[in-house]
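Values quoted throughout were computed directly from the atomic coordinates according to the rules given, and no laboratory measurement underlies them. None of these values were measured; they are calculated from a predicted model. Cβ: placed from backbone, ideal geometry, glycine included. Neighbour counts: every protein chain shown.
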Amino acid sequence: MADTRSPIEQRRIVNTAIPGPRSLELNARRLASVAGGVSVQLPAFIERAQGSILLDADGNQLIDLGSGIAVTGVGHSHPKVAEAIAAQAYDFTHTCAMVTPYEEYVAVCEELNKLTPGSFEKHSMLVNSGAEALENAVKIARLATGRQAIVVFENAYHGRTNLTMALTAKNNPYKDHFGPFAPEIYRVAMSYPYRDGLSGDEAAARAISQIEILVGASNVAAVLIEPIQGEGGFIVPAEGFLKQITQWCAANGSLFIADEVQSGFCRTGKWFASEYEDIAPDIITTAKGIAAGMPLAGVTGRAELMDAVHPGGLGGTYGGNPVAAASALASINVMRDENLNAKALVIEEILTTRLAKLGTDLECVGDIRGRGAMIAVELVKPGEGKEPDAALAKAIVAECALEGVVTLSTGTYGNVLRFLPALTIEEDLLNEGFDVVEAAARKLGA
Ligand code: PLZ
């Protein structure tokens, strides 16, 4: 089942304008057939991808610094993952885990229970997407505590389904005119060191006071947070903030749920970003990096919480699909065998050093933050006001695309340029990709 074609060389090639003529033809078909609400950042149609290179329909080879939004941490079509997927597809592709089970589902749950922080007994369930994991985490937390309120934070992103839209902070594009939204969701202030200047203790005291005054401690089923906010702008809360919140939860009978959908699976240089703050969430949601792009997500939590739900209360047709589960098992082995936590830290060193250098030359570099291979730069207008510069972020992303480098912007204000390369990216290729970003920033920024 091995791929007999020659591998895609890990280098950038720009043959045509990007998107090129063949991609433009395909894009015309897309516009004529795909719902307009599903938008595309860069209509370069991909035919194959390997490692950190996307090969498009016009023969261009793009350096991928986004990993499909933090998904292909092990690189595109890692041979061990591709082979595991193919082998499982020949064995069987579906039985429905609720009808007749299979070992792969159990094995992924065993890995999740083992790898997530917390030495207590854990159980897991598998679903198809990050949003679905969040939906189930909330269901479990409400049933297990007998309470209804869910506390979330400014800048949060948790998905696009009805419940998760309510959990997500930003209106446009995620929520605009899609209401009414689910009730019993309360939003409090996030620790955002660059913009609020508060210590972890101060920011936690502010959030806890809001919870106690606006919600009431005894109503809170769970406090839900991304340990590093992803779509919000790679916001790393001040040290101690998360710990204080977990302690408040423990003291008040509320659960602490960490959404590690974006930050999990070696992305930050540890298996889970929660480990940096030495916290053990009661429930953790995972997706994205877990299965190299096959749709798989998980909810992992204290066994007594996960088992509080009546048999049959959790499930879904495809949850823990065998092909996706086989991909997860192979991906997790790659993470272990190739020590991708260490690789993420090398990426952090390269990106933060180069961004810091850029920051000494350019006033638009407001803040550099993140951990591991989850690094971002917040762009601001020159001057003291830290005024977000979303147009600059957008222009840099567009300029990089023309030069064959895929980057992503993010953030509540849309002014954050984020880097999410595959953890397996070769250093030379990462540096070449960043050369392009740097040239674009120097050309367009001040
Ligand atoms: N929780 C922390 O980052 C997905 C969203 C892209 P799904 N982030 C990328 C977009 O615009 O739709 C995400 C996340 C965190 C939950 C989710 C949701 O995961 O697999 O997209 O449902």
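When DSSP assigns beta bridges and you keep just the ones with both residues in the chain, what percent turn out antiparallel, to the nearest 5? Display every interim value, and only then the final one.
Values: 34 of 50 bridges.
Just about 70 percent of them are antiparallel.
Can you tally the net charge around Glu399? Count Lys and Arg as +1, Asp and Glu as -1, for every other residue whose Cβ sits under 14 Å from the Cβ of Glu399.
Charge balance in the 14 Å sphere: 0.
Applying 1/(1 + (r/R0)^6) with R0 = 30 Å to the Cβ-Cβ distance of Asp278 and Thr95, what FRET efficiency is obtained, to the nearest 0.05? Intermediate results must be reported in sequence, preceding the final value.
Working: r = 40 Å, r/R0 = 1.34.
In this case the efficiency is close to 0.15.
Relative contact order of segment 366-436: what whole-number percent is it, with Cα pairs under 8 angstrom and at least 6 residues apart?
Worked out over segment 366-436, it gives 30 percent.
Taking neighbour counts of Cβ atoms within 10 Å as a proxy for exposure, in what order, fewest first, do Ser263, Ser274 appear?
Sorted ascending by nearby Cβ count, the order is Ser274, Ser263.
If I take R0 = 41 Å and measure r between the Cβ atoms of Ala205 and Ala342 in this structure, what FRET efficiency does the formula 1/(1 + (r/R0)^6) give, to the nearest 0.05?
With R0 = 41 Å, the Cβ-Cβ based efficiency is 0.70.
Once you have the Cα-Cα distance between Ala87 and Glu47, take 0.36 nm times their residue separation minus that, and quote the gain in nm to one decimal.
Working: separation 40, 0.36 × 40 = 14.40 nm, distance 2.19 nm.
Gain in length upon complete extension: 12.2 nm.
Remind me, relative contact order of segment 82-337 in percent, using alpha carbon pairs under 8 angstrom and six or more residues apart?
30 percent
What is the fewest-to-most order of His76, His158, His310 by other Cβ atoms lying within 10 Å of their Cβ?
In increasing order of surrounding Cβ atoms, one gets His310, His76, His158.
What lysines sit close enough to Lys114 to cross-link, taking a C-alpha to C-alpha distance under 17 Å and skipping anything fewer than 8 places away on the same chain?
The qualifying lysines are Lys122, Lys270.
Would you work out the relative contact order for the chain, in percent, from Cα pairs under 8 angstrom that are 6 or more residues apart?
For the chain, the relative contact order is 21 percent.
Could you give the DSSP H helices of the chain that reach 20 angstrom or more along their long axis (alpha carbon positions) and whose average Kyte-Doolittle hydropathy is no lower than 0.5? Present the calculation step by step, with values, prior to reporting the outcome.
Values: long enough: 130-145 (22 Å, 0.33); 322-337 (22 Å, 0.81); 340-361 (32 Å, 0.40); 427-444 (25 Å, -0.10).
Membrane-span-like by this rule: 322-337.
Segment 143-160 to segment 242-263: how many Å between their Cα centroids?
11 Å
In 10 Å bins starting at zero, report the fraction of Cα pairs in segment 274-416 per bin as a rounded %.
10, 25, 30, 23, 11, 2
Report the label-to-label distance for Asp361 and Ala28 in nanometres (one decimal), using points 7 Å from each Cα along the Cα→Cβ vector.
Modelled inter-label distance: 4.1 nm.
Between Glu426 and Phe120, with labels modelled 7 Å along Cα→Cβ, what's the label distance in nm to one decimal, could you check?
For the pair Glu426/Phe120, the computed spacing is 4.7 nm.
Quick check on the exposure proxy: order Arg48, Arg195 from fewest to most C-beta atoms within 10 angstrom.
Placing the least packed residue first, the sequence is Arg48, Arg195.
In the neighborhood of Ala356, defined by Cβ-to-Cβ distances under 13 Å, what is the net charge if each Lys or Arg adds +1 and each Asp or Glu adds -1?
Summing Lys/Arg as +1 and Asp/Glu as -1 gives -2.
Treating cross-link reach as a plain straight distance, find the lysines whose alpha-carbon is under 25 Å from the alpha-carbon of Lys381, omitting any fewer than eight places away in the same chain.
Excluding near neighbours in sequence, the set is Lys170, Lys357, Lys394, Lys443.
Given 0.36 nm per residue, what is the gain on full extension from Tyr194 to Ala439 after removing their alpha carbon distance, in nm?
The Tyr194-Ala439 span can extend by a further 85.7 nm.
Roughly how large, in nm² to one decimal, is the mean projection of the convex hull of the alpha-carbon atoms in segment 82-337? Walk me through the numbers on the way to the answer.
Details: hull surface 54.3 nm².
Here the figure is 13.6 nm², rounded to one decimal.
Can you tell which of Asn162, Leu242, Tyr192 lies farthest toward the positive end of the dipole of the chain, using +1 and -1 charges on the Cβ of basic and acidic side chains (Lys, Arg; Asp, Glu)?
Asn162
Gap in Å between the Cα centre of segment 172-225 and the Cα centre of segment 50-125?
32 Å
Given H placed on each backbone N at 1.01 Å, which residues far from Gly298 in sequence or on other chains put an amide H within less than 5 Å of it?
Those lying under 5 Å, H to H, from Gly298 are Val127, Thr286, Ala287.
Report the rotationally averaged projected area of the chain based on its alpha-carbon convex hull, in square nanometres.
21.2 nm²
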